[in-house]
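Single-structure report; data block below.
Each value in this text was obtained by applying a stated rule to the coordinates, not by laboratory testing. Computed from a predicted model, the values in this text were never measured in an experiment. Counting neighbours? That spans all protein chains shown, and the Cβs are built from the backbone with ideal geometry, glycine included.
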Amino acid sequence: MNKIINFETTQFDFDFINHVKRLRQLKKWSQDDLSMRMGLAKTFVGNVESFTQRHKYSTRHISLLAKAFGYKNISELMEFPTPEYDRIKVTVKQVYNESGTRVMESEVVKIEGIE
């Protein structure tokens, strides 16, 4: 079963979440690993990276992330391009298991800037 979902967010939040996800994957850390390294609930990073949840990283989390990744300066964590838009609309295709109870795969199919 496939489902298309749309949501609006800030491009900064979207890009930052994906930037942290790439860093996490480079370290070969699971979502749970990063959550624990940040000193947070085991499910925190999974909730942030999920397209069905509205969790985001806060300013408090930025320093926890920098420490978890071993950066001496927060600016090292923030090395990713400046967002083009303030707000964006994201369209995601999700593939569910046969019973329709669990997302097996998510793919961003479209990102549009909101003026």
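Please list, by residue number, every one of the GluC sites (Glu not before Pro) in the stretch 5-102 that is coil in DSSP and has at most 16 other beta-carbon atoms within 10 Å.
Counting only loop positions with at most 16 other Cβ atoms within 10 Å, the GluC sites (Glu not before Pro) in the stretch 5-102 are 79, 84, 98.
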Computed over the stretch 2-114, the Cα gyration tensor eigenvalues, each multiplied by 5 and square-rooted, give semi-axes in Å (largest first) of 25, 19, 11
Helix 11-26 versus the longest principal axis of the chain: what is the Cα-based angle in degrees, 0 to 90, to the nearest 10? 70 degrees
Would you calculate, for the chain, the mean residue ellipticity at 222 nm contributed by helices, counting each DSSP H stretch of 4 or more residues as -39,500 (n - 2.57) and dividing by all residues, to the nearest 500? -11000 deg cm²/dmol
Cα-Cα over 23 Å, subset of 28/67; 42/110; 21/56: 42/110
Candidates 21, 72, 93; GNM for the chain (alpha-carbon contacts under 10 Å) flags as most fluctuating 72
